[in-house]
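One structure below.
The values are calculated or read from the model by the stated rules, or taken from the named source; none is laboratory data. Small disclaimer: the values here were computed from a predicted structure and weren't measured. Glycine also receives a Cβ, built like all others from the backbone with ideal geometry; neighbour counts cover every protein chain displayed. Ligands, DNA and RNA are stripped out before the accessible areas are found, and what is left, the full protein with its side chains, is counted by its heavy atoms. Shrake-Rupley method; radii C 1.70, N 1.55, O 1.52, S 1.80 Å.
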Amino acid sequence: PWDVAYLPIDPSDIGRTYQEVIRINSQSGKGGVAHVLRRDYGLELPRWLQVDFSTVVQELAEDSESEVSSEDIFTLFSRHYLDTEKGWHVGDYRLSRENGLDRLEVNLHGPENRDLFLSGRGSGVVGAFVQVMEELTGNHIVVVEYSEHSLGQSADAQAVCYVQLNIDGERPCGVGRSDDIVHASLAAILS
């Protein structure tokens, strides 16, 4: 009976809002996942992280053979990038600057209550931490992409940092979230 490709309706006519109409399934693209995380959690995923994360969401949608809720997407994002309970995480750190170079001293807490104290120098805190991680792992590490933003508009808003590294040809992505932008940056690299 309808001779149109799509029937334009106002979502309020069926008791919904525009945001609730956006649904994520195995056919959804990167933009839909990024929109849900921005709208519901304030996360501004850069394009390269959208590409990395969309495959993870697509696998979940295909395995479950159903739509993926906003909560499921955020849980998956947290588990994939933020939760480091089983791995290493950044403890206390100290920064100082001398002759144009930053010196970083950082404690890393790891599995089985292992702690490491690391110290390095670099052009900026990220450079110093990468230098330390190269020495620790024996891998060549390059920061390919870096992005950050706050989760609010006050001075005490949390910071989120996104990084993509090149580690001996592999390109892992990491995310860090903290009350402190330096801590968020270190956590993103470590994740």
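Details
- Share of carbon and sulfur in the accessible heavy-atom surface of the chain [1.4 Å probe, %]: 46 percent
- Relative protection proxy for 111-123, 154-166, from highest mean packing down: 154-166, 111-123 (other beta-carbon atoms within 10 angstrom).
- In order along the range 172-186, phi translates into HN-Hα couplings of x, 10, x, 9, x, 9, 6, 6, 10, 5, 5, 4, 4, 5, 5 Hz, rounded to whole numbers, per the Karplus curve 6.51 cos²θ - 1.76 cosθ + 1.60 with θ = phi - 60° and x for Gly and Pro.
- Taking Lys and Arg as +1 and Asp and Glu as -1, the other residues whose beta-carbon sits under 12 Å from that of Val142 total -3.
- Residues of the chain: accessible area per residue with a 1.4 Å probe, Å²: 61 Å²
- One entry in (1) 184; (2) 170; (3) 146 is volume of the Cα convex hull per residue in Å³ calculated from the shown coordinates; its label is (2).
- Each of Ser70, Gly124, Asn107 was placed along the dipole of the chain (beta-carbon charges, centred on the mean Cα), and the one lying farthest toward the positive end is Gly124.
- Size descriptors for the range 104-144 (Cα atoms only): Rg and Dmax, in that order, 10.8, 33 Å.
- Taking every protein chain into account, the 1.4 Å probe leaves Thr137 with about 70 Å² of accessible area, to the nearest ten.
- The 1.4 Å probe gives accessible areas that order Trp48, Trp88, largest first, as Trp88, Trp48.
- Rolling a 1.4 Å probe across all protein chains gives Ile9 an accessible area of roughly 90 Å².
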